[in-house]
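First comes the structure, then the notes that go with it.
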Amino acid sequence: MLSLRKIPIENIKAHPVRTVIVLLLALAQAACVFGGVMAARGIQRNMELAEARLGADLVVYPKAIAVSSKINMKRMLMQGTPVKVYKSRSLLSKLEDCGDIEAASRQIYISDTLPDGKDIWIVGIEPEKDFVIRPWLEAVDFAFPVGTVAVGSKVETTAADGEKVTLFQRDWAVGARLKETGSELDYAVFTGMDTLSDVIAASKAASMAAVRYICKTDAGLVLKEGE
Amino acid sequence: MKLEAKGVKKDFARGGNSGSVLEAVKPLDFSLESGELVEITGRSGSGKSTLLSMMAGMLVPTGGSICIDDTDIYSMKEEERSRLRNDRIGLIPQGHTALRSLTVLENVMLPFVLYHRETPPEDRAKELLQKVGLFDMKDERPNALSGGELRRMAVARALLMKPEVLLADEPTAGLDDENVELVMELLRSAADEGASVLLVTHENEARKYADRVLAMDGGRLCSN
Ligand SMILES: Nc1ncnc2c1ncn2[C@@H]1O[C@H](COP(=O)(O)OP(=O)(O)OP(=O)(O)O)[C@@H](O)[C@H]1O
Ligand SMILES: [Mg+2]
């Protein structure tokens with residue numbers, strides 16, 4: 001039966017070559033538009049990520065260290081190089097109250113010495129507030145569950161049963177890795193604040209054990225440890 | 001039903017950027033009564049088809065109005081006008097206007113399916129094809145038909161909806177005497193049944209079927 005809907009279908013059937021050409025052109029056009037949109041989106045995403053990876057615009061540090069030139073100020077801001085100074089935590093809430101500051105997040109650095117004598121930085125962050133470390137994570141939405149850590153791209157881990165990293169003689173599950181940053185952070189371990197407390201507890205226990213162990217064997221070494 | 005042109009005119013912009021216009025139809029009055037068959041003759045390019053297209057609601061005039069029973073059809077919305085054309089006006093355009101992908105029978109039934117979802121009136125279409133002598137070709141595609149056969153198919157298509165107004169632009173072009181006769185008989189009987197029929201033709205034979213004969217010359221209409 002003839003109907004209005006049948007007419008275009010009949011028309012398509014009556015001109016197979018034309019139909020194929022039009023279809024191909026339409027597909028090519030759709031592909032161009034789709035490809036263009038995807039490319040633009042990809043570029044935008046990368047730009048956003050790159051911008052996020054620039055990290056903080058401001059780093060707050062005690063005046064004294066600028067004078068003592070204990071650290072290279074430029075490197076600290078641009079590369080997030082760990083520092084050994086701190087400000088009291090009350091400052092953070094003061095900063096957060098300041099309307100011109102969009103986000104503030106604190107970090108705590110501690111360090112351990114690896115068996116080969118190199119220092120390894122352990123960076124405690126606030127997973128919900130952090131905006132400096134997160135953009136570098138391979139899995140950006142990693143939640144830093146208690147007991148689990150993220151590691152820099154060059155940190156060596158044991159992979160016997162699940163990836164692990166040893167800090168203060170205790171194994172810690174590795175839940176995420178960072179992309180290569182080209183800074184000292186490639187050799188650091190990152191934890192949530194709760195996990196950091198555990199790490200600190202482990203460090204106390206380990207140093208006690210070490211002291212006790214050293215006491216038993218060689219008194220000379222105790223002095224070295226205390227330096 | 002009465003179809004009336006009041007001071008209707010059509011200007012076409014000339015090619016190029018000169019801004020000059022061609023007055024294809026100069027302001028004219030014309031009316032077509034129910035049951036009447038009016039013939040318009042005139043030289044090629046005198047504006048006959050232009051006038052007919054404006055009467056059919058297909059070409060917006062530059063000035064004046066076209067009224068069906070005192071309603072200006074160009075004051076209607078496009079959809080309303082399209083619906084009115086489909087319901088009340090049968091048009092046989094100049095040249096060939098068949099859809100190549102449909103059969104002859106389907107082409108004749110086309111005006112019905114534009115606004116109706118019901119089964120198309122196949123019997124009426126076949127009857128009309130019989131009348132124009134194309135019944136045996138009903139399942140052919142239009143490209144299997146001769147020029148004269150396509151003209152006759154267009155006549156059958158225009159009559160399908162039993163239009164109150166029938167506008168025919170050279171419906172007999174390319175037909176032999178016998179078929180001219182046949183088509184003219186069909187148009188005459190449409191008028192006798194109450195339709196208003198406007199016929200544009202060069203055919204001398206048509207004269208004897210017409211109630212009035214008008215001539216067009218350089219966009220002007222004058223009685224003959
Ligand atoms: N769409 C248009 N654009 C520009 N000029 C047009 C257009 N349609 C028609 N014309 C011009 O208007 C004039 C009248 O054309 P029209 O088709 O009405 O002539 P006609 O009397 O039907 O001729 P014929 O007997 O050859 O069919 C012609 O000079 C034509 O070139
Ligand atoms: Mg014409």
For residue A:110, which of the numbered conditions (1) assigned to a loop (DSSP other than H, G, I, E, B); (2) at pLDDT 80 or above; (3) out of contact with any Pro (no Cβ under 7 Å at 6 or more places or on another chain) fails to hold?
-> (1)
Enumerate the helices (runs of 4 or more DSSP H) found wholly within the stretch A:1-84, keeping only those where 1 or more residues are more than 19 Å from residue A:184 (Cα to Cα) and at pLDDT below 75.
-> A:63-68
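Looking at the structure I just gave you, is residue B:86 of a type in the set (S, T, N, Q) and touching a residue at least 60 places away in the same chain (Cβ under 8 Å)? If you could, list the steps in order and put the result at the bottom.
Numbers: of a type in the set (S, T, N, Q): yes; touching a residue at least 60 places away in the same chain (Cβ under 8 Å): yes.
Yes: the conditions hold for residue B:86.
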Please specify each residue of the stretch B:196-217 satisfying the condition of being surrounded by 24 or more Cβ atoms within 10 Å (Cβ to Cβ) and over 19 Å from residue B:44 (Cβ atoms).
-> B:196, B:197
Of (1) closer than 24 Å to residue B:180 by Cβ; (2) within 14 Å of chain A (Cβ to nearest Cβ), residue B:110 satisfies all except one. Which?
-> (1)
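Restricting to the stretch B:103-141, what's the tally of residues that are touching a residue at least 40 places away in the same chain (Cβ under 8 Å) and either over 30 Å from residue B:80 (Cα atoms) or of a type in the set (A, V, I, L, M, F, W, C) (or both)?
Qualifying residue count, the stretch B:103-141: 9.
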Exception for residue B:157 within (1) more than 14 Å from chain A (Cβ to nearest Cβ); (2) under 26 Å from residue B:40 (Cα atoms); (3) in contact (Cβ under 8 Å) with a residue 40 or more places away in the chain falls at (1)
Being more than 14 Å from chain A (Cβ to nearest Cβ), surrounded by 15 or more Cβ atoms within 10 Å (Cβ to Cβ) and within 13 Å of ligand 2 (Cβ to nearest atom), is that true of even one residue in the stretch B:22-31?
-> yes
Is it true that residue B:128 is within 14 Å of chain A (Cβ to nearest Cβ), buried (at least 16 other Cβ atoms within 10 Å of the Cβ) and either among the aromatic types (Phe, Trp, Tyr) or assigned to a helix (DSSP H, G or I) (or both)?
-> no
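Among the residues of the stretch B:32-50 satisfying the criterion of being touching a residue at least 12 places away in the same chain (Cβ under 8 Å) and either more than 20 Å from residue B:210 (Cα to Cα) or within 8 Å of ligand 1 (Cβ to nearest atom) (or both), which is nearest to the other protein chains (Cβ to nearest Cβ)?
Within the stretch B:32-50, the first condition is being touching a residue at least 12 places away in the same chain (Cβ under 8 Å), and the residues that meet it are B:32-43, B:46-50.
Retained after the next criterion (residues that are either more than 20 Å from residue B:210 (Cα to Cα) or within 8 Å of ligand 1 (Cβ to nearest atom) (or both)): B:42-43, B:46-50.
On the way: B:42: 36, B:43: 37, B:46: 35, B:47: 33, B:48: 30, B:49: 26, B:50: 29 Å.
The qualifying residue nearest to the other protein chains (Cβ to nearest Cβ) is B:49.
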Under 7 Å between Cβ atoms, at least 6 apart or on separate chains: pull out the pairs that start in the stretch B:167-191 with a residue that is within 16 Å of ligand 1 (Cβ to nearest atom) and end on any residue that is among the acidic types (Asp, Glu).
-> B:172/B:203
Would a scan of the stretch B:5-17 turn up a residue that is more than 14 Å from ligand 1 (Cβ to nearest atom), over 22 Å from residue B:217 (Cβ atoms) and exposed (fewer than 14 other Cβ atoms within 10 Å of the Cβ)?
-> yes
Among all residue pairs at least 6 apart or on different chains, which show Cβ distances below 6 Å where the first residue, located in the stretch B:51-72, is within 14 Å of chain A (Cβ to nearest Cβ) and more than 22 Å from residue B:94 (Cβ to Cβ) and the second is within 16 Å of ligand 2 (Cβ to nearest atom) and among the aliphatic types (A, V, I, L, M)?
-> none
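State whether one or more residues within the stretch B:89-100 are in contact (Cβ under 8 Å) with a residue 12 or more places away in the chain and facing chain A (nearest Cβ under 9 Å).
Initial filter on the stretch B:89-100 (in contact (Cβ under 8 Å) with a residue 12 or more places away in the chain): B:89-94, B:96-100.
From the residues that got through so far, the ones that are facing chain A (nearest Cβ under 9 Å) too are B:99-100.
Scanning the stretch B:89-100, I find at least one residue that is in contact (Cβ under 8 Å) with a residue 12 or more places away in the chain and facing chain A (nearest Cβ under 9 Å), so the answer is yes.
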Checked pairs for the stretch A:1-16, first within 7 Å of another protein chain (Cβ to nearest Cβ), second acidic (Asp, Glu), C-beta under 7 Å and 6 or more apart or across chains, list as A:2/B:106
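Can you tell me which residue within the stretch B:192-224, out of those that are part of a loop (DSSP other than H, G, I, E, B) and within 13 Å of ligand 1 (Cβ to nearest atom), is nearest to the other protein chains (Cβ to nearest Cβ)?
Of the stretch B:192-224, the ones part of a loop (DSSP other than H, G, I, E, B) are B:193-195, B:201-203, B:210-211, B:218-219, B:224.
Adding the requirement that they be within 13 Å of ligand 1 (Cβ to nearest atom) leaves B:201-203, B:218-219.
Working: B:201: 31, B:202: 33, B:203: 32, B:218: 40, B:219: 37 Å.
Filtering first and then ranking leaves B:201.
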Residue B:59 fails exactly one of (1) within 24 Å of residue B:115 (Cβ to Cβ); (2) in contact with a Ser or Thr (Cβ under 8 Å, 6 or more places away or on another chain); (3) away from ligand 2 (no atom under 16 Å from the Cβ), namely (3)
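The values are calculated or read from the model by the stated rules, or taken from the named source; none is laboratory data. Remember, predicted model here, so these are calculated numbers, not experimental data. With ideal geometry, Cβ positions are generated from the backbone for all residues, glycine too; neighbour counts draw on all protein chains shown.
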